[in-house]
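In what follows, a single structure is set out as structure tokens and then discussed.
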Number of protein chains: 2
Amino acid sequence: MQQNAGPLENLIDQFARFPGVGRKGATRMAYEVMGMTNEQAVALAKAIESAKTQLHRCRVCQDYTPTEVCKICASQKRDRSIICVVEGPRDIQSIERTHEYNGLYHVLHGLISPMDGIGAEQLCVKELLARLNETVKEVIMATSPTVEGEATAMYLAKLIKPLGIKTTRLAYGLPVGSSLEYADETTIFHAMQGRGEL
Amino acid sequence: MQQNAGPLENLIDQFARFPGVGRKGATRMAYEVMGMTNEQAVALAKAIESAKTQLHRCRVCQDYTPTEVCKICASQKRDRSIICVVEGPRDIQSIERTHEYNGLYHVLHGLISPMDGIGAEQLCVKELLARLNETVKEVIMATSPTVEGEATAMYLAKLIKPLGIKTTRLAYGLPVGSSLEYADETTIFHAMQGRGEL
């Protein structure tokens with residue numbers, strides 16, 4: 001609305017840049033900021049700047065960390081013979097929550113996507129290859145089961161397999177708690193192919 | 001995840017305070033900030049602080065404005081005999097988009113909600129009553145058709161009617177483009193009651 005051009009419109013524009021936040025959501029957020037006390041608004045603004053200034057990528061796995069090497073990479077309790085390759089830092093959190101994996105991670109910071117003009121050179125691929133010494137016995141591709149995720153996994157497998165390192169990928173199948181009725185054919189095909197004995 | 005405690009967790013907490021933004025959405029937003037350039041992050045932080053420092057409530061209608069009196073209240077083209085009462089500034093934008101209303105507005109900055117401990121004294125009610133001089137012929141209640149919206153409209157109507165000012169409310173009925181099949185009985189009841197000749 002013309003009346004609010006300026007600071008409010010600018011704030012809405014800023015919020016609307018977030019993925020998954022539409023114009024309506026951004027407007028809602030901007031008005032929420034207007035309803036905050038000055039202290040709350042300053043705390044939010046400061047949190048944004050602090051996260052950017054205090055965190056950077058881990059020298060080894062490329063996850064965000066306040067230290068030079070992140071806690072997982074520095075830990076003596078993690079299995080250093082396995083590296084799980086993920087698209088983004090969020091995926092590490094998802095996998096960690098399962099308490100099932102005790103190896104290391106590597107964050108690509110994206111997926112190969114020719115449609116968006118993103119090639120392997122824009123991802124942290126050379127940083128991954130640099131880590132593949134004789135300690136590493138397996139590299140798990142934990143990219144999403146999408147066209148881009150698959151292409152990236154295939155591309156990396158082609159580079160890693162010749163080094164004599166086992167390359168695996170996460171299993172495809174029915175998501176737990178879902179109904180077969182709502183599963184697409186490709187998922188059912190993979191679930192059928194990967195069926196296990198009871 | 002323990003590895004990212006500190007600046008990132010703090011930023012996620014800040015984003016999670018926005019209405020409609022869950023923990024997952026906040027995490028996504030925080031990582032989006034991490035992916036920004038420093039300049040972009042600073043621009044976002046600055047936009048938050050600028051909106052808070054440069055905007056305040058219009059002395060008349062209580063909408064946010066960089067000037068003492070907002071554009072609508074200051075405009076000579078608006079009909080000063082009608083005031084449309086809304087819950088929040090966002091609602092002004094929604095009504096303005098219809099290009100159907102040319103009167104003034106009044107923002108309550110909330111609704112009466114005994115459950116949440118919000119009474120009339122926490123809303124901009126006295127500012128509304130102070131505006132009701134002999135120029136004002138009608139006050140339109142444009143609060144939401146919810147329990148709180150209704151209660152607030154009823155409360156205000158009781159205060160305004162004795163002053164000899166016409167008090168109206170927005171019509172209830174079927175939302176345009178919707179299917180009768182999905183409408184609830186109360187809406188259909190109101191749509192039936194308010195039916196108009198073709």
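Just so you know, all these numbers are worked out from the coordinates, no wet-lab data involved. All values derive from a computational prediction rather than experimental measurement. Neighbour counts run over all protein chains shown; Cβ positions are idealised from the backbone, glycine included.
Worth a mention:
- Counts of other chain beta carbons within 10 angstrom of each beta carbon in peptide A:20-27 average 3.
- Whole-Hz couplings from phi, Karplus 6.51/-1.76/1.60, listed for region A:8-13; x for Gly and Pro: 6, 4, 4, 5, 4, 4
- Efficiency of FRET between A:MET36 and B:LEU170 - r from beta-carbon atoms, R0 30 angstrom, step 0.05: 0.55
- Proxy reagent accessibility, fewest Cβ within 10 Å first, across B:PHE189, B:PHE15: B:PHE189, B:PHE15
- Take B:SER94, push a point 7 Å out from Cα through the beta-carbon direction, and compare it with the same point in every other copy: 3.4 nm, smallest first.
- Average beta carbon contacts from partner chains per residue of B:62-72, 10 Å cutoff: 3
- Where rotation carries B onto A, the chain B residue whose Cβ is nearest that axis, in whole Å: B:ALA45, 2
- Near A:CYS58, the amide H atoms lying under 5 Å from its own belong to A:ASP63, A:TYR64, A:THR65; only residues 5 or more places off or on other chains count, and H is placed 1.01 Å from N.
- Using a 7 Å Cα-to-Cβ projection, A:MET192 label spacings across copies, nm, ascending: 5.1
- Charge context of B:ARG59, other residues only, Cβ under 12 angstrom, K/R +1, D/E -1: -1
- Whole-number D in µm² s⁻¹ for chain B, Kirkwood Cα-pair radius fed into Stokes-Einstein, 20 °C, 1.002 mPa s: 107
- Trypsin sites (Lys or Arg not before Pro) lying in DSSP loop within region A:36-114, provided at most 11 other Cβ fall within 10 Å: A:LYS77, A:ARG97
- Under 5 Å from the amide H of B:HIS106 lie the amide H atoms of B:CYS84, B:VAL85, B:VAL86, each residue being 5 or more positions distant or on a separate chain, with H modelled from the backbone and absent for Pro and chain starts.
- Relative contact order of region B:78-169, defined on C-alpha pairs under 8 angstrom at six or more residues apart (%): 32
- Counting neighbouring beta carbons within 10 Å and listing from fewest to most, the residues B:TYR172, A:TYR155 come out as B:TYR172, A:TYR155.
- Magnitude of the charge dipole for region B:2-54, about its Cα centre and with charges confined to Cβ atoms of Lys, Arg (+1) and Asp, Glu (-1), is about 200 debye.
- Alpha-carbon Debye profile of region B:78-169, log10 I(q)/I(0) at 0.22, 0.24 Å⁻¹: -1.13, -1.33
- The orientation-averaged projection of the convex hull spanning the C-alpha atoms of region A:24-102 amounts to 7.5 square nanometres.
- Here the contact order of chain A, divided by its residue count and restricted to Cα pairs under 8 Å and six or more residues apart, works out to 13 percent.
- In this calculation the C-beta distance from A:GLU121 to A:SER75 is compared with R0 = 35 Å, giving a FRET efficiency of 0.70.
- Cβ-Cβ FRET estimate between A:LYS137 and A:ARG90, R0 fixed at 25 Å, reported to 0.05: 0.40
- Residue exposure proxy: B:SER178, A:SER113, ordered by other Cβ atoms within 10 angstrom of their Cβ from fewest to most, comes out as B:SER178, A:SER113.
- Projecting 7 Å from Cα along the Cα-to-Cβ direction, the label point of B:GLY35 sits 2.9 nm from its equivalents in the other copies, listed shortest first.
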